[in-house]
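Following: one structure in structure tokens, then a few remarks.
No value in this document is a laboratory result; all are computed from the given coordinates. Just so we're clear, the structure is a prediction, and the values are computed from it rather than from any experiment. Reconstructed Cβ throughout: ideal geometry from the backbone, glycine too, with neighbour counts over all protein chains shown.
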């Protein structure tokens, strides 16, 4: 038996999660069975979808009190009972909020630590990067000259979406964020042409002014009024990628949606993005983004805390939308 710590759900969640909804619990893990690995968690990813999952509003299973909180992580194999993995290999996958995880080898992806900084494998070079790549490359099919609008542009997905759009030839990339500080990050760090603070009283007019000929591509992480406003400024044959519904995750009532008639008038192409559909592309996208980082074509920021016990505090910050960059918990050193 191996002793470890994990963060569990302390009580049922019926509102926006706070740090008090979680607690640390010690547990014991048995040795890996056939096809299993024991992995020490190095970097834990904190993601908005977990907040909606805790309230039963996500396609993944709703955690119950006493359950370990789900979460993607980057770790290192310390025991292996699989021919595909060796002790010392770095892997990424679903491990939960833990210090040590007993996982199925078939659910893990081996990571080359040389292609990008390790922490980016759960950030810009991991699922957020794959989401952004699938949005701009597979669905929106961004081309030279496109006018692109991105909501939640200061987040790890939105910030990467805009950078990939620019790499693919977009002529104008504008972000939407929730503060002047975040808008500065979007333009200064991620290189967007402009950023609109949706808390400004004239934000709708700012969107219209930024796209006098209309929006060719809109990547939406929010829904609600932001989506409705973007659609009103869509160019003919515009493409809309629906990736998230941040406006609904913690709302007591579903906000009013856009008028479907806009899709008809604009002959728009509206696509829903579920990143799991593109999982087989992850190694290729990680390699590509690693090259972009090395070449200086891709920037990324992390909002990092040290120690598993700090995960609930950072998660509450994420739920309030106050994080700046990808929310990551550094659980253990990168190498022993």
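Of the beta bridges in the chain, as assigned by DSSP with both residues counted there, near 55 percent are antiparallel. Using a simple spin-label model with pseudo-atoms 7 Å out from Cα toward Cβ, residue 171 and residue 334 lie 4.1 nm apart. Expressed in units of 2.2 N^0.38 Å, where N is the residue count, the Cα radius of gyration of the range 135-205 is 1.03. Placing R0 at 30 angstrom, the Cβ-Cβ distance between residue 322 and residue 143 gives a FRET efficiency of 0.25 after rounding to 0.05. If I histogram all Cα-Cα distances within the range 130-276 using bins 5 Å wide from 0, what percent of pairs lands in each bin? With 5 Å bins starting at 0, P(r) equals 2, 11, 22, 25, 23, 13, 4, 1, 0. Projected label points at residue 11 and residue 313, each 7 Å from Cα along the beta carbon direction, are separated by 2.1 nanometres.
Here each label is just a point 7 Å from Cα along the line to Cβ, and for residue 303 and residue 55 those points are 1.7 nm apart.
Computed over the chain, the per-residue total of -39500 (n - 2.57) for DSSP H runs of n ≥ 4 gives a 222 nm mean residue ellipticity of -6500 deg cm²/dmol, rounded to 500.
Applying Stokes-Einstein at 25 °C and 0.890 mPa s to the Kirkwood radius of the range 93-162, computed over alpha-carbon pairs, gives a translational diffusion coefficient of 174 µm² s⁻¹.
Full extension of the chain between residue 291 and residue 189 yields a length gain of 34.9 nm, computed as 0.36 nm times the residue separation minus the alpha carbon distance. Under 1.5 on a/c is rounded, so check that first for the range 28-96, then, if it is not, pick prolate when a/b is larger than b/c and oblate when it is not; a ≥ b ≥ c are the square roots of the alpha carbon gyration tensor eigenvalues. It is prolate, given that a/c is not under 1.5 and a/b is the larger ratio. For the range 130-276, the antiparallel share of DSSP beta bridges with both residues in that region comes to about 0%.
Answer rounded, prolate or oblate for the range 286-336, using the Cα gyration tensor with square roots of eigenvalues a ≥ b ≥ c: rounded when a/c is under 1.5, else prolate when a/b is larger than b/c, else oblate. Because a/c hits 1.5 or more and a/b fails to exceed b/c, the range 286-336 counts as oblate. Which residue fluctuates most in the GNM of the chain (Cα springs below 10 Å): 221, 295, 172? Among 221, 295, 172, the largest GNM mean-square fluctuation belongs to 295. Note on the chain: Cα-only Rg and Dmax are 20.2, 65 Å. Gain on full extension, evaluated as 0.36 nm per residue between residue 112 and residue 18 minus their Cα-Cα distance, stands at 30.3 nm. Its residue count N sets the reference 2.2 N^0.38 Å, and the alpha-carbon radius of gyration of the range 1-41 equals 1.57 times that reference. Axis of helix 282-295 versus longest Cα principal axis of the chain: the two differ by about 70°, to the nearest ten degrees.
If you average the sequence gap of Cα pairs under 8 Å that are 6 or more apart and divide by the length of the chain, what percent do you get for the contact order?
Values: 759 pairs, mean separation 60.7, N = 336.
Reported as a whole number, the value is 18 percent.
Projected area of the range 187-336, taken from the Cα convex hull and averaged over every viewing direction, in nm²?
On the way: hull surface 49.4 nm².
Approximately 12.4 nm², given one-decimal rounding.
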